1. Is it fair to say ALA192 is within 30 Å of ILE2 (Cβ to Cβ) and without any contact (Cβ under 8 Å) to a residue 12 or more places away in the chain?
2. Restricting attention to region 81-89, does a residue exist that is buried (at least 20 other Cβ atoms within 10 Å of the Cβ) and of a type in the set (A, V, I, L, M)?
3. What pairs can you find where one residue is in region 241-259 and more than 21 Å from MET1 (Cα to Cα), the other is of a type in the set (Gly, Ala, Ser) and assigned to a helix (DSSP H, G or I), and their Cβ atoms are less than 6 Å apart, with a gap of 6+ or different chains?
4. Do any helices (runs of 4 or more DSSP H) lying entirely in region 1-104 carry at least 1 residues that are among the hydroxyl-bearing types (Ser, Thr, Tyr), free of Cβ contacts under 8 Å to residues at least 60 places away in the same chain and farther than 30 Å from ALA156 by Cα, and which ones are they?
5. Please state which of the following conditions ALA46 fails to meet, knowing it meets all the rest: (1) aliphatic (A, V, I, L, M); (2) buried (at least 21 other Cβ atoms within 10 Å of the Cβ); (3) more than 11 Å from the chain's Cα centre (by Cα); (4) closer than 28 Å to TYR147 by Cβ.
6. Tell me which of these SER171 doesn't satisfy, since it passes every other one: (1) part of a strand (DSSP E or B); (2) of a type in the set (Gly, Ala, Ser); (3) modelled with pLDDT under 95.
7. Within the group ASP151, ASP117, ASP96, which residue is more than 17 Å from the chain's Cα centre (by Cα), exposed (fewer than 13 other Cβ atoms within 10 Å of the Cβ) and not assigned by TED's automatic domain parsing to the domain that holds ALA202?
Amino acid sequence: MIKAIFFDIDATSYLHAIHDSPESTKLAFRKLKEAGIKIAICTSRAYAELVHLPKHYFEMMDAIVCLAGAQIYVNGKLVVNHSLNDEIKEAIKVMDQHKLVYRWSAPDGTNCLNVKDQDIEDLFYRLYLMRPPVKPYQGEELVHVLYYNTDEQIRAEVLDHCKKNFHLVMSRASEITAPDVNKGTAIIECAALWGIKQNETAAFGDANNDLAMIKTAEIGIAMGNATELLKQHADYITDRIEEDGLYNACVHFGWIKER
């Protein structure tokens, strides 16, 4: 029996074309809550990058997992925090040497771009309707680093200085979290907070950075608009986000009744 469901935000439960969740997704959230199922978002966004999310995310979610599992918030309070191993400082030196743009995140909620870069700032605005402040990294304790690079040689050099922390390569951006910390481990931690077993969880995602979450949950669901890699590892593939995919999957598994 599924007792907790975890949702990625962007392109899974949030449609950028309207900067909101589809109405069917909001209905699914309400019905899941009414059924007594715990629901949570599990995102790579920092908490500060949720500032313009629709209010239903904050009103309905039993937990908010940020920074790919590095931080978990319950009722607006930080309850889990995983700091990066100190080797991240050497990895950042490599990034600085190659003049890479990166967003660094500290335990206190500070999230900054290391340098001003109009292209990256515009990307944040298109996705999140906000632009991170710009501040050079100066040795602060970190929980997450998101860096932008497509050069494989540079990535290998970063990886060579990042053997203990968890490093996830995406396309243009890659992210670094603490050792063995990712969206999948966040599911286990949230479930433990609620007294729920791992085999009582489900998860929805669309991108490669949702892979750990999809594989960890008892039932991993890929959106119809998901990457091919995620679809290959999912237990079920639903419709696209704009085609009521999240709602339809919840009905399919009997977690909610058809409207």
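The values are calculated or read from the model by the stated rules, or taken from the named source; none is laboratory data. Source: prediction; values computed, not measured. Backbone-built Cβ (ideal geometry, glycine too); neighbour counts: all protein chains shown.
1. Details: within 30 Å of ILE2 (Cβ to Cβ): yes; without any contact (Cβ under 8 Å) to a residue 12 or more places away in the chain: yes.
The answer is yes for ALA192.
2. Step one: list which residues in region 81-89 are buried (at least 20 other Cβ atoms within 10 Å of the Cβ), which gives 82, 84, 88.
Pick out the ones that are also of a type in the set (A, V, I, L, M) and you get 84, 88.
Yes, region 81-89 has at least one match.
3. Close Cβ pairs satisfying both conditions: ASP244/SER24.
4. On the way: elements: 23-34, 55-60, 88-97.
Answer list for region 1-104: 55-60.
5. The single condition ALA46 does not satisfy is (3).
6. Checking SER171 against (1) part of a strand (DSSP E or B); (2) of a type in the set (Gly, Ala, Ser); (3) modelled with pLDDT under 95, the one that fails is (1).
7. Numbers: ASP117 fails: exposed (fewer than 13 other Cβ atoms within 10 Å of the Cβ); ASP96 fails: exposed (fewer than 13 other Cβ atoms within 10 Å of the Cβ).
Going through ASP151, ASP117, ASP96 in turn, just one is more than 17 Å from the chain's Cα centre (by Cα), exposed (fewer than 13 other Cβ atoms within 10 Å of the Cβ) and not assigned by TED's automatic domain parsing to the domain that holds ALA202: ASP151.
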